[in-house]
1. Within 15 Å, Cβ to Cβ, of MET323, how many net charges do the neighbouring residues add up to if Lys/Arg are +1 and Asp/Glu are -1?
2. Using a 1.4 Å probe, what is the accessible area per residue for the chain, in Å²?
3. Just to confirm the filter: which trypsin sites (Lys or Arg not before Pro) across the range 126-165 are DSSP coil and have at most 16 other Cβ within 10 angstrom of their Cβ?
4. Which FRET efficiency value, to the nearest 0.05, is calculated for LYS105 and LYS194 with the Förster distance at 30 angstrom and r the Cβ-Cβ distance?
5. Extension gain LYS77-LYS442, at 0.36 nm per residue separation less the Cα-Cα distance, in nm?
6. Take the range 1-130, compute every pairwise Cα distance, and split them into 10 Å bins from 0; I just need the percent in each bin.
7. In Å, the Kirkwood hydrodynamic radius of the range 116-162 over pairs of distinct alpha carbons?
8. Multiply the residue gap between ASP421 and ARG147 by 0.36 nm, knock off their C-alpha separation, and tell me the result in nm, one decimal place.
Amino acid sequence: MAKKLWGGRFSKKTNPLVEEFTKSIQYDYKLAKYDLLGSLAHVEILSKSGYLNADETKTLKGGLDLLYARLESGKIKFDTRNKEEDIHTYIQNELYREVGDVSLKLHTARSRNDQVVFAAKWYVKMAALELTGDISKLITAFYSLARKYKDVIIPGFTHLQHAQPVCLTDYLFAYINMLERDIKRLDYISKNIKITLGAGALAGTPISAQEYQIKAEEFLGEVKGLKAAFNIETTTNSLDAVSDRDFVIEIISALSIVAMHLSRLSEDLIIWSTKEFDFIEIDDSFCTGSSLMPQKKNPDVLELIRGYSGRLYGNLMSVLTMMKGLPLTYNRDMQLDKEPLFNSFEIVSKELKVLTGLIATLKFNEGKIDEHLKDESLYATDLVYYLVDRGIAFKEAHTIIGKLIKYSIDNGIEIKAMPEDKLKYFSDKFVKKEIVKLFDPKVSVESKKSIKRPNVLGSLNVTLGKM
């Protein structure tokens with residue numbers, strides 16, 4: 001077994017079952033980059049506070065830069081064969097192999113309790129920033145689709161029943177609005193995450209608080225390729241710093257909301273792709289077939305997105321449940337926040353990427369949509385407003401049109417086909433040549449003046465947060 005960061009007070013070796021049960025490197029290796037950055041920052045802090053001389057500082061920085069370069073180039077591999085219990089131990093042992101005994105000074109005034117929070121917070125900020133890029137690409141795909149079908153009107157639905165005609169662009173922009181809120185939500189959570197060092201195990205360290213306030217450029221050194229750099233801030237409460245997992249819960253909550261939005265979209269597209277609706281054609285490259293039925297073209301991608309929302313909700317509930325009874329400060333239970341965190345980001349990122357491709361190749365069957373728009377019940381509300389505009393109270397007009405629709409259905413006759421005297425049986429305000437014009441999806445849509453619609457012919461401007 002690899003050398004541990006602890007063990008002096010123990011008289012026996014750890015039972016192999018305990019070793020296997022408690023190890024986390026099989027998933028917390030994802031924090032490697034951020035643990036290395038934390039180590040570089042800590043070297044700077046130790047140097048400024050006098051715990052390291054110039055030669056020791058240079059040696060440690062050189063070793064950490066070397067490990068970072070290997071990590072970025074893919075030369076460091078992680079798998080189930082890694083013997084270290086966690087990524088922090090792995091990096092310490094690798095550093096020892098590179099620079100020798102001076103690496104043993106790196107853990108001065110430091111605890112894994114503090115390290116793991118630092119690394120997890122930086123991971124969340126960077127992963128959230130990358131995810132907003134994925135979301136913006138999906139928004140762009142929606143925008144392109146809206147421009148392509150800017151003149152299309154579709155039946156709107158409530159309770160999965162025909163309701164009123166709506167612009168397809170309005171439908172698409174409903175999801176754009178959701179996704180833009182997702183970006184703002186991720187941005188807000190990320191900005192509230194303060195990256196700190198100096199909490200130690202729980203009680204702080206002998207190093208002054210001022211030494212822990214350093215700018216990113218002071219410790220990045222030879223490290224290249226970062227999308228963003230973050231400054232280190234002073235810890236104001238060391239107990240809270242090592243025991244806080246609010247940021248994990250908040251980000252998984254935000255990711256769950258993204259997954260919910262994508263699941264709702266997927267459900268709509270699944271329904272619209274059925275023979276019963278036939279509103280859309282999903283590109284063959286985003287569908288799968290059946291091993292028995294050769295005719296099948298299944299929207300499995302969308303069904304999995306719908307299903308994965310349950311996984312995201314489960315991840316959120318697992319962390320909330322894990323945290324609910326923990327006393328201050330750090331407890332090993334907190335190790336179990338990593339898999340739900342990583343898994344949530346991975347799922348949502350994959351969903352966004354595959355949906356971007358699917359939306360970019362989506363086709364609408366305008367002929368089939370037009371058939372649905374012939375349903376006269378879609379224009380019932382327009383008929384109500386017709387009567388309201390002629391002095392009839394809304395509630396009374398609502399009742400009149402309800403009776404008219406029922407008569408039409410019961411007798412199998414379209415309202416447009418009814419003679420004027422029959423129409424006047426329901427209301428003397430009806431003039432046939434006027435109401436016939438109302439059974440037009442364009443007239444219906446244009447009569448709704450309360451909506452300030454975006455200009456789909458203009459340029460798209462998706463503003464990403466600076467996290």
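1. Surrounding charge for MET323 is -3.
2. 51
3. Passing sites in the range 126-165 are LYS150.
4. Calculated value: 0.65.
5. So the extension gain works out to 125.4 nm.
6. The distribution over the range 1-130 is 12, 42, 35, 11, 0, given as percents.
7. Final number for the Kirkwood radius of the range 116-162 is 14.0 Å.
8. Stretched out fully, the ASP421 to ARG147 stretch lengthens by 94.2 nm.
The values are calculated or read from the model by the stated rules, or taken from the named source; none is laboratory data. What you are looking at is a predicted structure, and each value in this text was computed from that prediction instead of being measured. Ideal geometry is used to build each Cβ from the backbone, glycine not excepted, and the neighbour counts take in all protein chains shown. Quick note on the areas: whole protein, heavy atoms, side chains included, nothing else; ligands and nucleic acids left out. Shrake-Rupley method; radii C 1.70, N 1.55, O 1.52, S 1.80 Å.
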